[in-house]
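Enquirer: Just passing along the structure, written as structure tokens.
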Amino acid sequence: MASEYNLLQLPDLVLHKICSYIICPFDLLNFGNTCSRLRNVSSAQSLWWNLTLEWCKGLWLFIKDAPKPDNPREWLLSLINQYGVKSTSTKFECIFSTGEKWERIDSRKFRFLFGLLRLVYNLEKRDHPAILFEKWLYDIGLYRRTGALADYASEDHQFSVDCILQLSSLGQAVEHDLRRRKQPYKDPASYIKLVATTETNWMTLFPSGPHGSICPLLMDPLINCITYEKSGLLGLTVGLSLVLENYLKLHCKFSSNVTVSKVNDMITSFCTLFLEEVVNCLPEMQSRLESLSLRSAVLILMEENLLFTGHLQDVLNQYECKYSCNDIFHDFANFLKRYEGLDFIIDEVRMRLRKAMIDEISIVLFPSGTESSFTTRINLTDSDLIGG
């Protein structure tokens with residue numbers, strides 16, 4: 001029976017309230033594309049301010065070549081286009097001799113989330129120059145099987161020659177094997193390995209190393225860590241940016257002169273100056289810092305008012321932020337006290353992105369109405385053998 005009520009009969013204020021509960025920019029776009037009236041309502045700057053601040057939480061210092069539009073909707077859409085590009089190096093389909101076919105599912109939301117996650121990891125290449133091609137994450141793709149014939153869940157499953165060639169090509173094992181020059185005739189079968197099958201939690205299929213799971217989607221580098229400060233100064237500034245964001249949420253709502261570009265510039269400028277002040281003060285405290293972590297040292301600097309705040313307050317004033325630098329430092333000190341180390345701050349940013357990606361993966365693995373929840377892990381490269 002058709003409903004006697006029509007969504008478009010509601011006043012704009014009610015429709016705006018409905019839109020405010022939509023927490024995904026892609027969902028808000030789809031809602032607005034229904035008709036011109038919903039497009040106008042869903043394009044309100046306040047809605048897109050909230051989405052921009054939420055989706056860029058902790059990411060401002062990682063974003064390079066930030067978009068220039070003043071409108072938060074156009075700014076966020078530009079960011080999505082910038083970091084949601086399609087992969088051009090990975091195969092979009094695998095066709096097996098049995099007739100089975102794997103087709104890549106193109107999800108704009110998934111591509112954007114992956115682009116942001118890779119952005120957060122890529123800055124570590126300066127600290128880990130031995131990482132192949134200076135990338136932690138090459139690609140993560142979602143594929144749909146049609147005409148499925150192979151039973152990978154079978155313990156005695158044997159890969160055919162055609163299947164091995166297709167899977168090794170999909171994983172680009174040969175192209176990314178830097179030892180290939182010394183082993184030009186290496187059998188592609190050495191790259192393919194059937195690991196395990198589970199009917200409960202698919203995330204248990206990935207083993208853990210000394211610093212957590214080796215799978216990027218599950219990576220928790222903090223397990224059994226000693227210092228918790230591998231991220232160093234970056235973890236410090238990302239933490240400060242998170243505190244600044246809480247202040248700017250109110251500032252953005254009540255100031256008509258604020259743009260997303262200004263928010264990005266202000267956070268970057270403030271955090272950069274703060275870092276300079278910390279670096280300048282640390283040598284003077286060297287005798288006291290020998291047994292202290294960076295986090296503890298910065299807490300002392302703020303609690304004893306040893307940082308010069310003049311330039312930092314100038315940045316706030318320049319962007320018409322009516323906040324005191326001392327209040328920000330007070331909140332930042334409380335923020336740091338909640339963490340055992342600076343690495344937890346960085347991983348919290350990654351964790352939010354990973355969780356959103358895992359939700360998208362689960363939709364593909366377990367579509368509505370599916371009868372089986374069996375999931376099989378197959379390695380497409382031998383990276384596990386060399387430490388991930």
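Enquirer: Can you pull out every residue in region 23-70 that is polar (S, T, N, Q), within 17 Å of Ser256 (Cα to Cα) and without any contact (Cβ under 8 Å) to a residue 40 or more places away in the chain? Talk me through it step by step, then tell me what you get.
Expert: If we filter region 23-70 for residues that are polar (S, T, N, Q), which is where we start, we get 30, 33-34, 36, 40, 42-43, 45-46, 50, 52.
Remaining after also requiring within 17 Å of Ser256 (Cα to Cα): 43, 45-46, 50, 52.
Hits for region 23-70 are Ser43, Gln45, Asn50.
Enquirer: Provide a single number: the residues in region 48-79 that are within 20 Å of Val238 (Cβ to Cβ) and among the aromatic types (Phe, Trp, Tyr).
Expert: 3
Enquirer: Scan region 80-101 residue by residue and report those that are within 30 Å of Val120 (Cβ to Cβ) and in contact with a Ser or Thr (Cβ under 8 Å, 6 or more places away or on another chain).
Expert: Keep residues of region 80-101 that are within 30 Å of Val120 (Cβ to Cβ), which gives 80-94.
Hits for region 80-101 are Lys91, Cys94.
Enquirer: Output the number of residues of region 62-76 satisfying the condition of being out of contact with any Pro (no Cβ under 9 Å at 6 or more places or on another chain), within 24 Å of Thr272 (Cβ to Cβ) and not small (Gly, Ala, Ser). Please lay out each step first, then the result.
Expert: Taking region 62-76 as the starting set, the residues that turn out to be out of contact with any Pro (no Cβ under 9 Å at 6 or more places or on another chain) are 62-72.
Filter once more, keeping what is within 24 Å of Thr272 (Cβ to Cβ): 62-70, 72.
The next check asks that each one be not small (Gly, Ala, Ser); those that pass are 62-65, 67-70, 72.
Residues that pass the stated criteria total 9.
Enquirer: Give the number of residues within region 160-169 that are surrounded by fewer than 19 Cβ atoms within 10 Å (Cβ to Cβ) and not β-branched (Val, Ile, Thr). It would help to see each step written out before you state the result.
Expert: Just the residues of region 160-169 that are surrounded by fewer than 19 Cβ atoms within 10 Å (Cβ to Cβ), to begin with: 160-162, 164-165, 169.
Then drop every residue that is not not β-branched (Val, Ile, Thr), which leaves 160, 162, 165, 169.
Qualifying residue count, region 160-169: 4.
Conditions (1) more than 31 Å from the chain's Cα centre (by Cα); (2) modelled with pLDDT under 90, marked per residue:
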{"position": "Met285", "(1), (2)": "yes, yes"}
{"position": "Ser293", "(1), (2)": "no, yes"}
{"position": "Leu307", "(1), (2)": "yes, yes"}
{"position": "Asn334", "(1), (2)": "no, no"}
{"position": "Glu340", "(1), (2)": "no, yes"}
{"position": "Asp343", "(1), (2)": "no, yes"}
{"position": "Ile346", "(1), (2)": "no, yes"}
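Enquirer: How many residues are of a type in the set (Ser, Thr, Tyr) and surrounded by 16 or more Cβ atoms within 10 Å (Cβ to Cβ) when one looks only at region 170-203?
Expert: So in region 170-203, the residues of a type in the set (Ser, Thr, Tyr) come out as 185, 190-191, 197-198, 200.
Pick out the ones that are also surrounded by 16 or more Cβ atoms within 10 Å (Cβ to Cβ) and you get 191, 197.
The total comes to 2.
Enquirer: Listed residues His311, His330; which is more than 31 Å from the chain's Cα centre (by Cα) and not in a loop (DSSP other than H, G, I, E, B)? Before the answer, list the steps.
Expert: Details: His330 fails: more than 31 Å from the chain's Cα centre (by Cα).
The conditions single out His311.
The values are calculated or read from the model by the stated rules, or taken from the named source; none is laboratory data. Everything quoted here is computed from the prediction, not taken from an experiment. All Cβ positions, glycine included, derive from the backbone under ideal geometry; neighbour counts span all protein chains shown.
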